[in-house]
Amino acid sequence: MYIPEPLGFGIDKRRSESVLAMKRFHIVLAAIALLLVALNSSAEAKEKVIVDSDMVILYDDGVAIMMLANHPDVELLGVTIVSGNTWVAEGTAYALRQLEVMNRPDIPVALGVRYPLRAGRYETMEVERTMFGYRSSYIGCFRRVEPASYLDVYRTEFGGKPTLKPVDKHAVNFLIDTIKANPGEVTVIPIGPCTNLAIAIRMAPEIIGLVKRVVYMGGAFDTPGNTTPAAEFNWWFDPEAAKMCVRTPFPDQLVVGLDVCEKYRFNKKIFARITAVNTPIAEMFRKKYGPEFRKDPSYTRLVWDTVAAAVVIDPTLITEEKTRWVDVNSDYGLDYGRSLAYSKRGPAGTQKARILFTIDEERFWNLMVDMLTK
Ligand code: BDR
Ligand code: CA
């Protein structure tokens, strides 16, 4: 028997269906909004960094930029080059080469200052070595004649011309402009001598409060120096610049010196993990370190700058740090370039910095391997 639907029932059903559809529509809208907020805040959460480096192939400076460039939470705004381990011309060629291999033409490279601040430092190096009793004969790029240009270095070492070019702006101006364009957001990571940053803060002191943080690879406090008995290489190469920087009231300063870096060494196990994949980076590692490990399986090496990169990516890696007033000795004598730390107030003009002593070693190597095998 046909029972007709009561008149009002059909209307109610249609009404409740349309209410349901509206609800669904609102839920979808809310989900899209949430997704957009999440995407946006993950973009905002990216740590913006500039690496200021005396660049080499792999080792530590090269691996440091690879780790930062490959990490999804980091935005590598640029690589500024300074003389130290390598001349600016060499460092520029090495930075361009590695960015080519990584296929990252979007990361700018800027040529920086070619000599340390102290007048005649390069010219009087031999006398200095005799006078100050150097621990080793290692004096970085001072050992070699300065190449005429990065193009010459590239041609000699890699053949042909790079496909990438440095930006048409000096590293010091690049630092100033980029910090100003991102107020309160940029972490500067000097993993070479501090000459570029020192000149930047002299030229534009207004950037001091605009920097988020400075993370130095430099200094040796409770550990002997690696270049003279007193001094670590980066701060020894340009003590005046390092002193100017650490005495600057940046909002936050972190010192990743030999005290922490000399505790961890790259070895065959780590090499095997990095070269277990088939990527251009793994190939570079195979070429550079394969022969070393074949010659001596117990071969190890320090990876200083990569520790600085790692703690920028993941500050929870830090397991021991001490806050001290930090300074750098610039008296031209046996202690030239020595790092100084004061637990009570330091001399006038010194600032507080966090000095690192230990990190979580296992997680550090895991992070490095992850970033190099992507
Ligand atoms: C530091 O000196 C440079 O040669 C290394 O790359 C590192 O930045 C270690 O003393
Ligand atoms: Ca370096």
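The values are calculated or read from the model by the stated rules, or taken from the named source; none is laboratory data. All figures in this text were calculated on a predicted structure; none of them were measured in a lab. Here the Cβ positions follow ideal geometry from the backbone for every residue, glycine too, while neighbour counts run over all protein chains shown. Heads up: the accessible areas ignore ligands, DNA and RNA and are worked out on the full protein's heavy atoms, side chains in. Shrake-Rupley method; radii C 1.70, N 1.55, O 1.52, S 1.80 Å.
Beta carbons within 10 angstrom, averaged per residue: use that to sort the peptides 177-187, 49-59, highest first. Write out the running numbers ahead of the final one.
On the way: 177-187: 17.3, 49-59: 26.0.
Ranking the peptides 177-187, 49-59 by packing returns 49-59, 177-187.
Under the classification rounded if a/c is under 1.5, otherwise prolate if a/b is larger than b/c and oblate if not, where does the range 87-237 fall, given a ≥ b ≥ c as square roots of the Cα gyration tensor eigenvalues?
Working: a/c = 1.93, a/b = 1.17, b/c = 1.65.
Here the range 87-237 falls in the oblate category.
Amide H to amide H, which residues 5 or more places from V211 or on other chains are under 5 Å from it, using H placed in the peptide plane?
G184
Per residue, how large is the accessible surface of the range 280-374? Use a 1.4 angstrom probe and give square angstrom. It would help to have the intermediate numbers written out before the result.
Details: 4580 Å² over 95 residues.
For the range 280-374, the per-residue accessible area is 48 Å².
Between T130 and K295, what length in nm is gained on full extension when 0.36 nm per residue of separation is reduced by their alpha carbon distance? Write out the running numbers ahead of the final one.
Numbers: separation 165, 0.36 × 165 = 59.40 nm, distance 3.43 nm.
Taking 0.36 nm per residue and subtracting the Cα distance, the gain is 56.0 nm.
Can you give me the long-range amide H partners of E47? Hydrogens built in the peptide plane at 1.01 Å from N, cutoff under 5 Å, separation of 5 or more residues or another chain.
V74, E75
Is the shape of the chain best called rounded, prolate or oblate, per the rule: a/c under 1.5 gives rounded, else a/b larger than b/c gives prolate, else oblate, with a ≥ b ≥ c the square roots of the Cα gyration tensor eigenvalues? Intermediate results must be reported in sequence, preceding the final value.
Values: a/c = 2.31, a/b = 1.93, b/c = 1.20.
Judged from the Cα gyration tensor, the chain comes out prolate (a/c at least 1.5, a/b above b/c).
Defining a contact as two alpha carbons under 8 Å apart and six or more residues distant in sequence, what relative contact order in percent does the range 45-147 show?
Working: 144 pairs, mean separation 28.7, N = 103.
With pairs under 8 Å counted, the relative contact order is 28 percent.
Provide the gained length on full extension for the span K352 to T316, in nm with one decimal, where the gain is 0.36 nm per separating residue minus the Cα-Cα distance.
Working: separation 36, 0.36 × 36 = 12.96 nm, distance 2.04 nm.
In short, 10.9 nm is gained.
Which shape class applies to the range 170-282: rounded if a/c is under 1.5, otherwise prolate when a/b exceeds b/c and oblate if not, where a ≥ b ≥ c are the square roots of the Cα gyration tensor eigenvalues? List each step's numbers first, then the result.
On the way: a/c = 2.40, a/b = 1.39, b/c = 1.73.
Oblate shape, in that a/c is at least 1.5 and b/c is the bigger or equal ratio.
Going through the DSSP H helices of the chain, which span 24 Å or more along their own axis at the Cα atoms while scoring at least 0.5 as a mean Kyte-Doolittle hydropathy? Don't skip to the answer; put the middle values down first.
Values: long enough: 7-44 (56 Å, 0.75).
TM-like helix candidates: 7-44.
Can you work out the Karplus-derived ³J(HN,Hα) for every residue in the range 182-188? Use 6.51 cos²θ - 1.76 cosθ + 1.60 with θ = phi - 60°, whole Hz, and x for glycine or proline.
Calculated HN-Hα couplings, in order: 10, x, x, 10, 9, 9, 9 Hz.
State which entries of K46/K268; K48/K374; K243/K352 exceed 22 angstrom in Cα-Cα distance in the structure shown.
Values: K46/K268 32 Å; K48/K374 20 Å; K243/K352 13 Å.
Checking Cα-Cα distances, K46/K268 exceed 22 Å.
In debye, nearest 20, what is the charge dipole magnitude of the chain about its Cα centre with +1 on Lys and Arg Cβ and -1 on Asp and Glu Cβ, if you could check? Provide the component values of the computation, followed by the final result.
Values: 46 positive and 45 negative charges, 82 e Å.
For this selection, approximately 400 debye.
What are the ³J(HN,Hα) values, in whole Hz, obtained from phi via the Karplus relation 6.51 cos²θ - 1.76 cosθ + 1.60 with θ = phi - 60°, for each residue of the range 262-272 in sequence order, with x given for Gly and Pro?
With the stated coefficients, the range 262-272 comes to 6, 8, 10, 10, 5, 9, 5, 5, 5, 4, 5 Hz.
Order the peptides 341-351, 150-160, 209-219, 100-110 from the highest to the lowest mean number of other Cβ atoms within 10 Å of their residues.
Numbers: 341-351: 12.5, 150-160: 15.2, 209-219: 23.6, 100-110: 17.2.
Result, highest mean Cβ count within 10 Å first: 209-219, 100-110, 150-160, 341-351.
Could you tell me which residue out of L302, A148, F174 lies farthest along the dipole of the chain toward its positive end? Charges go on the beta carbon: Lys and Arg +1, Asp and Glu -1, centred on the Cα centre.
Of L302, A148, F174, it is L302.
Relative contact order (percent) for the range 283-367, with alpha-carbon contacts under 8 angstrom and 6 or more residues of separation?
Working: 83 pairs, mean separation 25.2, N = 85.
Answer for the range 283-367 is 30 percent.
In the range 286-324, which GluC sites (Glu not before Pro) are in a loop and have at most 15 other Cβ atoms within 10 Å, using DSSP for the loop call?
Numbers: sites: E292, E320, E321; in loops: none.
Sites meeting the loop and neighbour criteria: none at all.
If the chain between R286 and R155 were fully stretched, how many nm would it gain, using 0.36 nm times the residue separation less the Cα-Cα distance? Don't skip to the answer; put the middle values down first.
Numbers: separation 131, 0.36 × 131 = 47.16 nm, distance 2.20 nm.
Roughly 45.0 nm would be gained on extension.
Using 7 Å Cα-to-Cβ label points, what is the E100/R114 separation (nm, one decimal)?
In this crude label model, E100 to R114 measures out at 2.2 nm.
Return the percentage of antiparallel bridges among DSSP beta bridges fully within the chain, rounded to the nearest 5 %. Don't skip to the answer; put the middle values down first.
On the way: 14 of 38 bridges.
In the chain, DSSP labels about 35 percent of beta bridges as antiparallel.
Quote the relative contact order of the chain in percent (integer), defining contacts as alpha-carbon pairs under 8 Å separated by 6+ residues.
Working: 716 pairs, mean separation 64.4, N = 374.
Computed value for the chain: 17 percent relative contact order.
Run the accessible area of the chain with a 1.4 Å probe and give the carbon-and-sulfur part as a rounded percent.
Numbers: 9780 of 17430 Å².
Carbon with sulfur: 56 percent of the solvent-accessible area.
Show me 199-206, 366-373 ranked by packing, highest mean number of other Cβ atoms within 10 Å first. Kindly include the intermediate steps, with their values, before the conclusion.
Working: 199-206: 17.4, 366-373: 19.2.
Ranked from most to least packed, the peptides come out as 366-373, 199-206.
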